[in-house]
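Here, each number is a calculation from the coordinates, and none is a lab measurement. Everything numeric in this text was worked out from a predicted model, so none of it was measured. Note that each Cβ is placed from the backbone with ideal geometry, even for glycine, and that neighbours are counted across all protein chains shown.
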Amino acid sequence: MSEKTENTSNPLDMMKWLVIFALLAGLIAANHSFDEVSVLIRALVAVGVVVIAGFIAATTVKGSAFLTFAKESRMEVRKVIWPTRQETNQTTLIVMAATVIVGLLLWGLDGIIVRLVGFITGIGV
């Protein structure tokens, strides 16, 4: 079991992350300060700033690792054999029936225990 423990980050990545956080903090502050401006304009500016921050983040080591992970995850999701609608409905009904049965069993067991404790202690419920 070998793990990669090498530190591949560089000082430029730290500057990029600082720029990203500054952009997002500035977006929050501007959105709060310019509340009289149209919501549509503020939303478009917010989307633009988030996209720019995303592109900057994608150029960092951690950002590119995340993109690689996302691409590999998407390929794995394509390999999954998803259940049909009928299988999903049948499984849902089985789970619901099992839940009702277990609930009734616990309700009955609780009633028996309450009566038993009441009989032993002499306190009627």
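If exposed GluC sites (Glu not before Pro) are those in a DSSP loop with at most 13 other Cβ within 10 Å, what is the longest stretch of the chain that has none? Write down the numbers at each step before the final one.
Numbers: sites that count: Glu3, Glu6, Glu36.
Longest run free of exposed loop sites: 37-125.
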Per GNM of the chain with C-alpha springs under 10 angstrom, the most fluctuating residue out of Gly111, Gly63, Gly26 is Gly111
What's the tally of Lys pairs in the chain whose alpha-carbon atoms lie under 22 angstrom apart, where the two lysines are 8 or more places apart or on different chains? 5
Cα axis of helix 85-121 to longest principal axis of the chain: angle in degrees, 0 to 90, nearest 10? 50
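About the Cα centre of region 1-80, what is the dipole size in debye to 20, counting +1 per Lys and Arg Cβ and -1 per Asp and Glu Cβ, all else neutral? Please list the in-between numbers first.
On the way: 8 positive and 7 negative charges, 66 e Å.
Here the size comes out at about 320 debye.
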Angle between the chain longest axis and helix 61-79 axis [Cα atoms, degrees, rounded to 10]: 50
